[in-house]
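Q: Supplied in structure tokens, the structure appears directly below.
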Amino acid sequence: MFEQAAGFAVLAAISPTALLVMAVFLGSANPKRTALVYVTGAIVMSVAMAIAVLFVLRAAGLNQPREHDPRYGLRLGLGILSLAAAFVVARRKRPAPDPDT
């Protein structure tokens, strides 16, 4: 059960819309094979599109490294803000269970 949940979590991270497709494919005659073919195709198409976009950006001259000015202060601020938000969420008290349910 944990392996299936982990697989769906990875799938959701790669392509959230794939979860809906997987739900439809699970009703087919051979769901594992169909799902595997779908996910393989989605990954291959994503990689091919990323490579194509990379080549187009480089051919158009849009990768100017001298125009990248790292903003370490902004990154540090976002990191501290993320840690503070995680701390608030972790320390938040859970609501009491509803006695009517």
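Taken together, the values in this text are just the output of simple stated rules run on the coordinates, not laboratory data. Because the structure is a prediction, the values reported are computed rather than measured. With ideal geometry, Cβ positions are generated from the backbone for all residues, glycine too; neighbour counts draw on all protein chains shown.
Q: Which FRET efficiency value, to the nearest 0.05, do you get for K32 and A52 by plugging their Cβ-Cβ distance into 1/(1 + (r/R0)^6) with R0 = 25 Å? Walk me through the numbers before you get to the answer.
A: Numbers: r = 30 Å, r/R0 = 1.22.
That pair, K32 with A52, gives E of 0.25.
Q: Students often get this wrong, so try it: which of (1) 196; (2) 93; (3) 134 is volume of the Cα convex hull per residue in Å³ as calculated from the structure shown?
A: Recomputing volume of the Cα convex hull per residue in Å³ here picks out (1).
Q: Once you mark the trypsin sites (Lys or Arg not before Pro) that are in a DSSP loop and have at most 14 other Cβ atoms within 10 Å, what is the longest gap between them in the chain?
A: Working: sites that count: R71, R92, K93.
Here the longest run is 1-70.
Q: Calculate the FRET efficiency for A13 and A86 from the Cβ-Cβ distance with a Förster distance of 22 Å, rounded to the nearest 0.05. Intermediate values should be presented prior to the final figure.
A: Details: r = 19 Å, r/R0 = 0.85.
Efficiency, rounded to the nearest 0.05: 0.75.
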